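Engineer: Here it is: the structure, laid out below.
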Amino acid sequence: MNNNYFLERDKYNRQSIKLKLKSLPSYCEEYILSIENTSSSLTRLGYVNDLLIFFDFISRYKFNINIKDISFEHIEKITALDIHSFLSYLSYYTYNNKNYKNGEKGKARKLASIRGLFKFLFCQDYIKSDVASKVTTPKIHDKEIVRLSNQEVNDILDEAQTSNNLSLRQQSYLKNTSDRDVAILTLFLGTGIRVSELVGLNLEDIDFETLSFKITRKGGNQAVLYFSDEVKFALQNWLNTRSLKNISNEEKALFVSLQNKRISVRAVENLVKKYAKVISPLKNISPHKLRSTYGTSLYRATQDIYIVADVLGHKDVNTTKKHYAAMSEDIRQKASTKIKLRKDNLEET
């Protein structure tokens, strides 16, 4: 029974890494092992996937040999131009008979994976030069932060509760999921947790006495967050409904699917999009956008970027400033009144 979501996810990631490394040259396994103590299994799995795409490109377009046969001598022959060509290729490419595309962030992450490998090989004296270090990271342009307005927050919660604008088929499902969906949306909008943190919650993680709950952050660290009476009401309503379902006592997940098993990240993403499409069809709303909505609301309420960073679990406050400190007109207006150029009662001298 999957009662510790994060342990199970880590186990799955490690198994996937081990399997996929079999398709790469042996020195790639050495590289992944070298970063095991400084990275999560999810991060390493991402690196392995990136390297598979890179070596597939190099094997076909540079050397015309099998990936496993790419030796240190072949790596020495890879130029900065080859890596630039790979980054260009990533705009629209085919891998394992499926079509993909990468934007600035996707290209930057794959370049980081390549750089990490080349740096490791260079430091181990496997290659004589680190050509990947000469390739500049693609410029990442800031995108407008998408979030829900106050009215849209109200509307999405109402829609999950009433299903007035959903199809008849969707309404039939909602009879069994309404309380759960309202609780999920309320938890996102009322605490700003990540989708993985929400999916990983167990019944024992909620403390209604202190209005708090325990989550596992990215990287495995645990934190205690607090919630409002609104969130408390939604959670208790769902727990009352959950208790009436035929759920095994061994299933400790707070949120379950229609199959009474721990709900998946994909399922949560789909339910958020389902309701958001109705109330705000022009915005591409995801769980992360609900997190952005909370972050912005918290900043507007406290005007303290450090509190926002702490609650959202950001290690670098600059990340918070970049994504959540979008100043509203009312804050700008209020700030403009704080500076006094003259005293109210000037005394003549």
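Engineer: Looking only at residues that are in contact (Cβ under 8 Å) with a residue 12 or more places away in the chain and hydroxyl-bearing (Ser, Thr, Tyr) in the stretch 42-84, which one is nearest to CYS123 (Cα to Cα)?
Structural biologist: The selected residue is SER71.
Engineer: Test ARG262 against the criterion of being touching a residue at least 60 places away in the same chain (Cβ under 8 Å) and touching a strand residue (DSSP E or B) at 6+ places or on another chain (Cβ under 6 Å), and give yes or no. Write out each step before concluding.
Structural biologist: Details: touching a residue at least 60 places away in the same chain (Cβ under 8 Å): yes; touching a strand residue (DSSP E or B) at 6+ places or on another chain (Cβ under 6 Å): yes.
For ARG262, the condition - touching a residue at least 60 places away in the same chain (Cβ under 8 Å) and touching a strand residue (DSSP E or B) at 6+ places or on another chain (Cβ under 6 Å) - is met.
Engineer: Looking only at the stretch 205-227, filter to residues that are under 26 Å from ASP10 (Cα atoms) and not in a strand (DSSP E or B); which one of those is nearest to the chain's Cα centre (by Cα)?
Structural biologist: The selected residue is LYS218.
Engineer: Another question, then. Looking at LEU51, is it out of contact with any helix residue (DSSP H, G or I) (no Cβ under 9 Å at 6 or more places or on another chain) and not charged (D, E, K, R)?
Structural biologist: Numbers: out of contact with any helix residue (DSSP H, G or I) (no Cβ under 9 Å at 6 or more places or on another chain): no; not charged (D, E, K, R): yes.
So LEU51 fails the test.
Engineer: Go through (1) in contact with a Phe, Trp or Tyr (Cβ under 8 Å, 6 or more places away or on another chain); (2) surrounded by 16 or more Cβ atoms within 10 Å (Cβ to Cβ) one by one and return the number of the condition GLU30 breaks.
Structural biologist: It is condition (2) that GLU30 fails.
Engineer: Applying the selection to the stretch 116-137, what residues are crowded, with 18+ Cβ neighbours inside 10 Å and either in contact with a Lys or Arg (Cβ under 7 Å, 6 or more places away or on another chain) or of a type outside the set (Gly, Ala, Ser) (or both)?
Structural biologist: Let us first name the residues in the stretch 116-137 that are crowded, with 18+ Cβ neighbours inside 10 Å, namely 116-118, 120-121, 127, 131-132, 135.
Once the filter is applied, which keeps residues that are crowded, with 18+ Cβ neighbours inside 10 Å and either in contact with a Lys or Arg (Cβ under 7 Å, 6 or more places away or on another chain) or of a type outside the set (Gly, Ala, Ser) (or both), the stretch 116-137 yields LEU117, PHE118, PHE120, LEU121, ILE127, VAL131, ALA132, VAL135.
Engineer: Does the stretch 228-243 contain at least one residue that is acidic (Asp, Glu), farther than 25 Å from SER41 by Cβ and either touching a residue at least 60 places away in the same chain (Cβ under 8 Å) or outside any loop (DSSP other than H, G, I, E, B) (or both)? Reasoning before the result, please.
Structural biologist: If we filter the stretch 228-243 for residues that are acidic (Asp, Glu), which is where we start, we get 229-230.
Then drop every residue that is not farther than 25 Å from SER41 by Cβ, which leaves 229-230.
Now narrow it down to the ones that are either touching a residue at least 60 places away in the same chain (Cβ under 8 Å) or outside any loop (DSSP other than H, G, I, E, B) (or both): 229-230.
Yes: the stretch 228-243 contains one or more residues that are acidic (Asp, Glu), farther than 25 Å from SER41 by Cβ and either touching a residue at least 60 places away in the same chain (Cβ under 8 Å) or outside any loop (DSSP other than H, G, I, E, B) (or both).
Engineer: Okay, moving on. Which ones in the stretch 215-237 are in contact with an Asp or Glu (Cβ under 7 Å, 6 or more places away or on another chain) and either outside the structural domain of LEU189 (by TED's automatic domain parsing) or among the polar types (S, T, N, Q) (or both)?
Structural biologist: If the condition is that a residue be in contact with an Asp or Glu (Cβ under 7 Å, 6 or more places away or on another chain) and either outside the structural domain of LEU189 (by TED's automatic domain parsing) or among the polar types (S, T, N, Q) (or both), then THR216, ASN237 are the ones that fit.
Engineer: Same structure, new question: With SER88, SER129 as the choices, which residue is part of a helix (DSSP H, G or I) and assigned by TED's automatic domain parsing to the domain that holds TYR47?
Structural biologist: SER88
Residues checked against (1) surrounded by 14 or more Cβ atoms within 10 Å (Cβ to Cβ); (2) more than 15 Å from LEU201 (Cα to Cα); (3) among the β-branched types (Val, Ile, Thr):
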| residue | (1), (2), (3) |
| --- | --- |
| GLY219 | no, yes, no |
| GLN222 | no, no, no |
| GLU269 | yes, yes, no |
| SER286 | yes, yes, no |
| TYR294 | yes, yes, no |
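Engineer: A further question follows. Quick one: which residue in LEU121, LEU111 is under 31 Å from the mean Cα position of the chain (by Cα) and touching a residue at least 40 places away in the same chain (Cβ under 8 Å)? Outline the logic, then answer.
Structural biologist: Numbers: LEU111 fails: touching a residue at least 40 places away in the same chain (Cβ under 8 Å).
None of the other options fit; the residue is LEU121.
The values are calculated or read from the model by the stated rules, or taken from the named source; none is laboratory data. Being a predicted model, the structure only gives us computed values, none of them experimental. All Cβ positions, even for glycine, are placed from backbone atoms using ideal geometry, and neighbour counts span all protein chains on display.
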